[in-house]
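S.K.: Got a structure for you, written out below as C-alpha coordinates; questions coming shortly.
The values are calculated or read from the model by the stated rules, or taken from the named source; none is laboratory data. None of these values were measured; they are calculated from a predicted model. Backbone-built Cβ (ideal geometry, glycine too); neighbour counts: all protein chains shown. Surface accessibility is based on the protein's heavy atoms, side chains included, excluding ligands, DNA and RNA. Shrake-Rupley method; radii C 1.70, N 1.55, O 1.52, S 1.80 Å.
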Amino acid sequence: MKAWPFAMGIGMAAGAMATMMLPPHSKTKRMVTKAADKVEDAATQVAEKVLDEITS
(Lines give C-alpha, C1' and ligand atoms only; values in the text may rest on other atoms or scores of the structure.)
Protein backbone atom coordinates (compact mmCIF):
# COMPACT_ATOMS: atom_id res chain seq x y z
CA MET A 1 0.00 0.00 0.00
CA LYS A 2 2.98 2.30 0.44
CA ALA A 3 3.69 2.24 -3.29
CA TRP A 4 0.33 3.76 -4.25
CA PRO A 5 0.81 7.14 -2.48
CA PHE A 6 4.37 7.29 -3.82
CA ALA A 7 3.16 6.62 -7.37
CA MET A 8 0.42 9.24 -6.98
CA GLY A 9 2.99 11.75 -5.75
CA ILE A 10 5.25 11.08 -8.73
CA GLY A 11 2.30 11.42 -11.10
CA MET A 12 1.21 14.68 -9.51
CA ALA A 13 4.74 16.07 -9.68
CA ALA A 14 5.03 15.13 -13.36
CA GLY A 15 1.66 16.73 -14.08
CA ALA A 16 2.67 19.88 -12.23
CA MET A 17 5.88 20.13 -14.24
CA ALA A 18 3.99 19.71 -17.52
CA THR A 19 1.44 22.32 -16.46
CA MET A 20 4.14 24.84 -15.51
CA MET A 21 5.47 24.66 -19.07
CA LEU A 22 2.12 25.73 -20.55
CA PRO A 23 1.59 29.38 -21.55
CA PRO A 24 0.12 31.44 -18.67
CA HIS A 25 -3.16 32.18 -20.45
CA SER A 26 -3.70 28.66 -21.78
CA LYS A 27 -7.22 27.29 -21.32
CA THR A 28 -5.70 23.97 -20.28
CA LYS A 29 -3.59 25.62 -17.60
CA ARG A 30 -6.63 27.46 -16.21
CA MET A 31 -8.63 24.22 -16.11
CA VAL A 32 -5.80 22.31 -14.41
CA THR A 33 -5.34 25.08 -11.85
CA LYS A 34 -9.06 25.08 -11.09
CA ALA A 35 -9.06 21.29 -10.70
CA ALA A 36 -5.99 21.42 -8.43
CA ASP A 37 -7.70 24.02 -6.25
CA LYS A 38 -10.75 21.76 -5.90
CA VAL A 39 -8.57 18.78 -4.97
CA GLU A 40 -6.75 20.88 -2.38
CA ASP A 41 -10.06 22.03 -0.89
CA ALA A 42 -11.33 18.44 -0.70
CA ALA A 43 -8.10 17.25 0.94
CA THR A 44 -8.33 20.05 3.49
CA GLN A 45 -11.92 19.13 4.33
CA VAL A 46 -10.98 15.48 4.79
CA ALA A 47 -8.01 16.38 6.99
CA GLU A 48 -10.21 18.64 9.13
CA LYS A 49 -12.82 15.88 9.55
CA VAL A 50 -10.15 13.36 10.53
CA LEU A 51 -8.65 15.75 13.07
CA ASP A 52 -12.11 16.48 14.47
CA GLU A 53 -12.73 12.74 14.91
CA ILE A 54 -9.36 12.21 16.56
CA THR A 55 -9.69 15.13 18.96
CA SER A 56 -13.35 14.49 19.87
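S.K.: Name the one entry in Met17, Met31, Met12 that is part of a helix (DSSP H, G or I) and modelled with pLDDT of 85 or more.
M.R.: Working: Met17 fails: modelled with pLDDT of 85 or more; Met12 fails: modelled with pLDDT of 85 or more.
Met31 is the lone residue from the list that is part of a helix (DSSP H, G or I) and modelled with pLDDT of 85 or more.
S.K.: Taking the stretch 21-56 only, how many residues are open to solvent by 70 Å² or more (accessible area, probe 1.4 Å) and under 18 Å from Gly9 (Cβ atoms)? So that I can check it myself, show each step before the final result.
M.R.: Let us first name the residues in the stretch 21-56 that are open to solvent by 70 Å² or more (accessible area, probe 1.4 Å), namely 21, 23-25, 27-28, 30-31, 34, 37-41, 45-46, 48-56.
Those left that are additionally under 18 Å from Gly9 (Cβ atoms): 39-40, 46.
Qualifying residue count, the stretch 21-56: 3.
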